Amino acid sequence: MRTRVGIVGAGPAGLMLSHLLHLAGIDTVVVERRSRAAIEATIRAGVLEQGTVDLMRRTGLGARLDHLGLVHRGFELRFAGAGHRIDLEALTGGRVITVYAQHEVLKDLIAARLAAGGDLRFEAEDTRIEGIEGDAPVIRFRHQGQETVLDCDFIAGCDGFHGVCRSAIPEASRTEHLRIYPFAWFGILAEAPPSSEELIYASHPRGFALVSTRSATVQRLYFQCSPHERAESFGDQRIWDELASRVSGPGFTLRTGRIFQKSVIPMRSFVCEPMRHGRLFLAGDAAHTVPPTGAKGLNLAIADVYLLARALIDYYENGRTFGLDAYSATALRRVWRTQHFSWWMTSMLHRFEEAGEFDRRRQLAELDLVTGTVAGARLLAENYAGLPLD
């Protein structure tokens, strides 16, 4: 079988790329090792930048987003026992964020692709790619017991950090940058009313905490913990006590309820350079990951494929290769800016074991800068609401 663009991975990057290329009349096949049910049932938080929301709306993906998404026009930083609101809308000229879970984005994308007759091969096994250094790359996989060879013009590697695409680039041709943080996030989902109308990021001597909302009855909360912690080691009361100690203060009450999910989320930063090798283009977590502090993972994946889709459309419509040739360098410029922002948020809000009183005072001074000056608040707000896709 043959297609113009073979896409490995049915996450946000792969599905959005397939959707954007379909709208331009470019055929794709998406190959995914997981089942559709598993993808749609994997609960992951989602904070969508303005650019991501705008793209979903103008490409026909906005109906459920506008119905279920929670628009936040600001967020709160809590430190030294007090809250300080960052007014995103005012500081960025109208840009806001929308809380809309990643699995909901995936449901929208899958439904749109299937409704349009898209070729999505779920539960594909033994996927491998070949010929990326020539002009006839191939994706080989087994689907429903049948060995399949997919001939492509190009291959988009959107198969995540542990996928097969990045490793297909010879080691001598790629450079990988990895930073492992000495802490993790302990995350919970709880049946409880919202504690706040907007997200709360808290910096406390005991460590970081985040209060967010999923719906009117379900809340998502996190607190900093050891990366070696096990989810089952924390009882419910201990979790609520730990969260309350980090976010409580005058005028604020943490709302509690039944905890029905616990998880420990490792923290790392990763970048692979370049993001192109021959006819293979990497996008999303296959090329980079960020700590979740700045809520950039999904948005950065969408930015990658928006750029890649434009380059592929230009190639097929006009025969130009400039966009494809510039893809890696252009994408990496945004990737490294986003890495910096995610690192900055992480270092400003978390407690490092080796840090002393000097470091804590420095953190407080930095937090005072971004909450107490317009310039500092605007820098934070513009990066949090998201850089323009163009």
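Listed values, structure above:
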| read-out | value |
| --- | --- |
| Residue 250 being in contact (Cβ under 8 Å) with a residue 40 or more places away in the chain, farther than 30 Å from residue 131 by Cα, loosely packed, with under 14 Cβ neighbours inside 10 Å and not hydroxyl-bearing (Ser, Thr, Tyr) | yes |
| Subset of region 250-300 that is assigned to a strand (DSSP E or B) and of a type in the set (Ser, Thr, Tyr) - its residue that is nearest to residue 163 (Cα to Cα) | 289 |
| Helices (runs of 4 or more DSSP H) contained entirely in region 31-95, each with at least 1 residues that are over 30 Å from residue 349 (Cα atoms) and among the charged types (D, E, K, R) | 36-41, 50-58, 63-68 |
| Filter pass, residue 133 being over 24 Å from the mean Cα position of the chain (by Cα) and under 24 Å from residue 288 (Cα atoms) | yes |
| Residue list for region 165-181, restricted to those being surrounded by fewer than 12 Cβ atoms within 10 Å (Cβ to Cβ) and of a type outside the set (Asp, Glu) | 170, 172, 173, 175, 178, 180 |
| Selection status of residue 198, touching a residue at least 60 places away in the same chain (Cβ under 8 Å) and part of a strand (DSSP E or B) | no |
| Index of the failed condition, residue 54 passing every other in (1) modelled with pLDDT of 95 or more; (2) farther than 22 Å from residue 95 by Cβ; (3) within 20 Å of the chain's Cα centre (by Cα); (4) acidic (Asp, Glu) | (2) |
| Options 276, 258; residue that is closer than 28 Å to residue 204 by Cα and more than 17 Å from the chain's Cα centre (by Cα) | 258 |
| Which numbered condition residue 48 fails, given (1) out of contact with any strand residue (DSSP E or B) (no Cβ under 6 Å at 6 or more places or on another chain); (2) in contact (Cβ under 8 Å) with a residue 60 or more places away in the chain; (3) surrounded by 15 or more Cβ atoms within 10 Å (Cβ to Cβ); (4) closer than 19 Å to residue 389 by Cα | (1) |
| Elements of type strands (runs of 3 or more DSSP E) in region 97-137, at least 2 residues being within 22 Å of residue 385 (Cα to Cα) and at pLDDT 95 or above | 97-99 |
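The values are calculated or read from the model by the stated rules, or taken from the named source; none is laboratory data. Keep in mind that what you see is a predicted model, and the values were worked out from it rather than measured. Cβ sites come from the backbone with ideal geometry, for glycine too, and all protein chains shown count toward neighbours.
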